[in-house]
Amino acid sequence: MNGGELGRVCADGEIIFKEGEKGEVMYVIQSGRVRITKQTLDGDITIATLERGEIIGEMSLFDKLPRSATAIACGEARLLSIDKKKLFSNISRDPTLVFRILETMSQRIRKLNENLAKLEKDRVGILKLYVKVEDICCMVLEEAKNAVKADNGSVMILNDEKLLSVKAAFGEKSDHTVKLAVGYGIAGDVLNTGTAELINNVSMDARFVHGTMPVKSLLCVPLKCRNDVFGVINMSNSSERLFSLNDLEFLSLLSLYASIAIQNALNFSRLKTVADEMLMRVTMLNTVTI
């Protein structure tokens with residue numbers, strides 16, 4: 001992190017602060033973007049990507065608890081650091097500043113509580129073992145559609161040919177025959193990196209692959225277990241509707257439970273295939289013996 005006249009400059013991928021460490025300053029993003037990640041049993045997930053004008057690490061100035069998440073620069077990012085002394089000095093000059101900070105904190109906490117409450121309510125159903133992978137994918141997609149307003153959506157799973165194939169989809173022109181290689185297109189790139197993506201103007205993204213339906217904005221999160229990425233959840237809009245950071249956060253949380261359920265269904269399918277093959281061999285052996 002280098003100093004500058006307008007703040008401090010972080011290089012792409014540089015960690016601004018880590019989850020669990022002590023925090024004594026907050027930051028205002030002056031330019032660039034910052035990715036916020038959270039540790040889970042299956043590895044780190046991205047819960048938000050914040051941009052210019054937004055505040056990060058503000059809770060460290062109001063409590064003595066460790067950082068609740070990790071902040072990482074996405075590309076070059078310029079940050080203004082504010083400690084408690086500087087904050088109070090700024091508040092004395094502009095009292096409305098404290099209300100803006102509290103409003104930001106309140107909105108984030110309120111939305112996170114709503115998302116967690118919904119997932120807690122629904123996760124029992126999500127974690128049930130379904131015989132067909134397609135069934136669990138349809139249910140996951142239905143949960144996503146109920147929470148995130150989108151025109152189209154799909155769940156894609158890596159098949160035996162190492163291609164992403166559609167297991168469930170919705171939308172006027174949804175195509176169940178689409179297959180993508182690892183690293184190809186935005187979904188293929190998310191599968192390759194394991195990092196969620198929120199893109200509200202796909203025409204500006206060179207990775208975007210045009211399909212049968214017009215797409216203007218896209219939300220894509222990975223499905224993974226123990227850092228093994230095996231699929232993605234896609235949500236897209238053909239209209240002018242944009243996705244929000246709250247949409248990304250919810251879909252990332254949903255993917256945690258969805259990954260477990262889908263992986264269970266995949267394992268069940270593999271075991272059933274092995275059992276069927278063994279039964280066939282036993283039947284053939286009995287036929288020959290008789």
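Nearest 0.05, what FRET efficiency do N159 and D94 give at R0 = 51 Å with Cβ-Cβ as r? Each step should come with its number before you reach the end.
Details: r = 57 Å, r/R0 = 1.11.
Efficiency, rounded to the nearest 0.05: 0.35.
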| So how strong a dipole does the stretch 128-259 carry about its Cα centre when Lys and Arg Cβ are +1 and Asp and Glu Cβ are -1, to the nearest 20 debye? | 100 debye
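Give K132/K216; K38/K224; K145/K167; K38/K86; K22/K224 a once-over and call out the pairs whose C-alpha atoms are over 21 Å from each other. Before the final figure, lay out the partial values.
Working: K132/K216 32 Å; K38/K224 15 Å; K145/K167 15 Å; K38/K86 28 Å; K22/K224 30 Å.
Result: K132/K216; K38/K86; K22/K224 exceed 21 Å.
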| query | So how do 84-91, 66-73 stack up, highest first, on mean other-Cβ count within 10 Å? | reply | 66-73, 84-91
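Calculate the all-directions average of the projected area of the stretch 127-277's alpha-carbon convex hull, and give it in nm². Display every interim value, and only then the final one.
Working: hull surface 34.5 nm².
It is 8.6 nm².
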| In debye, nearest 20: dipole of the stretch 12-52 around its Cα centre with unit charges on the Cβ of K, R (+) and D, E (-)? | 140 debye
| task | Throw me the Rg/Rh for the stretch 147-228, computed over C-alpha atoms with Kirkwood Rh, two decimals. | result | 0.93
| task | Give a residue-ordered list of calculated ³J(HN,Hα) values for the stretch 189-204 (Karplus: 6.51 cos²θ - 1.76 cosθ + 1.60, θ = phi - 60°; whole Hz; x for Gly, Pro). | result | 6, 5, 4, 6, 9, x, 10, 5, 10, 10, 10, 9, 8, 5, 5, 8
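Rounding to the nearest 20 debye, state how big the charge dipole of the stretch 149-218 is about its Cα centre with +1 on each Lys and Arg Cβ and -1 on each Asp and Glu Cβ. Mind dumping the intermediate values first?
Numbers: 7 positive and 8 negative charges, 14 e Å.
So the magnitude is around 60 debye.
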| remark: For R8 and R52, extending 7 Å from Cα along the Cα-Cβ vector and measuring point to point gives, in nm, a value of 2.2 nm
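Coordinate-derived values only; no laboratory data. The structure presented is a predicted model; accordingly, all values stated were derived computationally and were not measured. Methodologically, a virtual Cβ is constructed for each residue, glycine included, from the backbone with ideal geometry; neighbour enumeration extends over all protein chains shown.
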